[in-house]
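Q: Structure below; questions to follow.
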Amino acid sequence: MQIQENASLKPYNTFGISAKAKAFISVTDIGMLQQALANSAYPKKFILGGGSNMLLKNDVDALVIHIALKGIKTVKETDEAIWLEVAGGENWHEFVMHCVEQGYGGLENMALIPGNVGTAPVQNIGAYGVELKDHFYSCTAVHRTTLEQKTFSREACRFGYRDSVFKNELKDQYVITAVIFRLDKTNHTLHTGYGAIQEVLAEKQINNPTIKDIAQAVIDIRSSKLPNPDELGNSGSFFKNPVISIKQFEKLQQEHPKVPFYTVSETEIKIPAGWLIEQAGFKGKRFGDAGVHKNQALVLVNYGDASGNEIWDLALQIQKEVHQQFGIEIQPEVNIIE
């Protein structure tokens, strides 16, 4: 196995943080992964996927195992649906576009989300009214200490809003190596009512959109709001949209009549965290090389050489100000690596 010592992680995290790994290996098959996990020379292990949903505050004193498993294969197919098994190291957006090109519907609203397929279930990623769980069938994972492989059903994953069993009871216990998705070949259910999708389609004079039209609309919207990590270090949405009680929402609406919101249930309302951050005065603000993006307040950015701690200090400042002004706690969507 090719293990690099004192390796730079800058190319492997979308924030572009100049952190280093004590040791680093890229694994391309299950056997390599099991071997790396069993390596007793490095008691501490750190699993790295696409590096898009994390903030490295310091160097990583561990063997960093980069998941580079590749492959997409059909495991079942009917006239109406197809089940695709996708390796954990596949790029999420490239996989979504593969589905769109093949006419497989369901994931098009999640185009251009950064990261890899293997880490997507951990976060139950989602965008524009669709979540991963909506088309998730099962996933296969390797236990970090026993090295045994296990399959998790949709129910076993206990998906919630940006949440799953892998962030809770099973945190840091498994490495997801493959995910099976059930996608529609016919009678596509189109989700156009969330965000600006309908607006973009109207501008393009598209009255009967296809899944390709939806994907392109989402790409256009995300590209206009979100910076390309290759050009400006970021991790997409840094904070989760908070969910509050109806009672708390009514009080908020009295003080801020124009507050945007989405109804979650009869008792809960979701508030866009980006709106709260913008109202708190942080949109477009820069603090050294750490800042808040000028087009989307939900995105924290690295203008060049910000450290992970500098970006985290800014996040804490934002949390504090939002809480003071609105009485709402906003939590990071990004994983903070100490």
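Q: Given the conditions (1) over 27 Å from residue 26 (Cα atoms); (2) under 20 Å from the mean Cα position of the chain (by Cα); (3) of a type in the set (S, T, N, Q); (4) open to solvent by 60 Å² or more (accessible area, probe 1.4 Å), which single one is not true for residue 102?
A: (2)
Q: Quick check, is residue 248 open to solvent by 20 Å² or more (accessible area, probe 1.4 Å), assigned to a loop (DSSP other than H, G, I, E, B) and touching a Gly at 6+ places or on another chain (Cβ under 8 Å)?
A: no
Q: While we're looking at this one, here's another question. Name the pairs whose Cβ atoms lie under 7 Å apart, with the first residue in the stretch 168-192 and closer than 17 Å to residue 111 by Cα, the second in a loop (DSSP other than H, G, I, E, B) and open to solvent by 60 Å² or more (accessible area, probe 1.4 Å), and 6 or more positions between them or separate chains?
A: These pairs meet every condition: 184/80.
Q: Please give the number of the condition residue 69 fails out of (1) out of contact with any Leu (no Cβ under 7 Å at 6 or more places or on another chain); (2) among the aliphatic types (A, V, I, L, M); (3) in a loop (DSSP other than H, G, I, E, B); (4) farther than 24 Å from residue 9 by Cβ.
A: So residue 69 meets the others, but not (4).
Q: Follow-up question, since we're still on this one. Would you mind finding the one in 31, 118, 51, 89 that is in contact with a strand residue (DSSP E or B) (Cβ under 8 Å, 6 or more places away or on another chain) and either on the phi > 0 side of the Ramachandran plot or not in a loop (DSSP other than H, G, I, E, B) (or both)?
A: The match here is 118.
Q: Residues that are crowded, with 21+ Cβ neighbours inside 10 Å, within 30 Å of residue 272 (Cβ to Cβ), modelled with pLDDT of 95 or more and charged (D, E, K, R): does the stretch 107-117 have at least one?
A: Yes: one or more hits.
Q: Just checking, how many residues over the stretch 275-301 are open to solvent by 10 Å² or more (accessible area, probe 1.4 Å), within 22 Å of residue 233 (Cα to Cα) and outside any loop (DSSP other than H, G, I, E, B)?
A: 4
Q: Of all residues in the stretch 158-198, count the ones that are within 22 Å of residue 81 (Cα to Cα), at pLDDT 95 or above and either open to solvent by less than 40 Å² (accessible area, probe 1.4 Å) or in a helix (DSSP H, G or I) (or both).
A: Summing the residues that are within 22 Å of residue 81 (Cα to Cα), at pLDDT 95 or above and either open to solvent by less than 40 Å² (accessible area, probe 1.4 Å) or in a helix (DSSP H, G or I) (or both) in the stretch 158-198 gives 6.
The values are calculated or read from the model by the stated rules, or taken from the named source; none is laboratory data. The structure presented is a predicted model; accordingly, all values stated were derived computationally and were not measured. All Cβ positions, even for glycine, are placed from backbone atoms using ideal geometry, and neighbour counts span all protein chains on display. These accessible areas exclude ligands, DNA and RNA; they are computed on the full protein's heavy atoms, side chains included. Shrake-Rupley method; radii C 1.70, N 1.55, O 1.52, S 1.80 Å.
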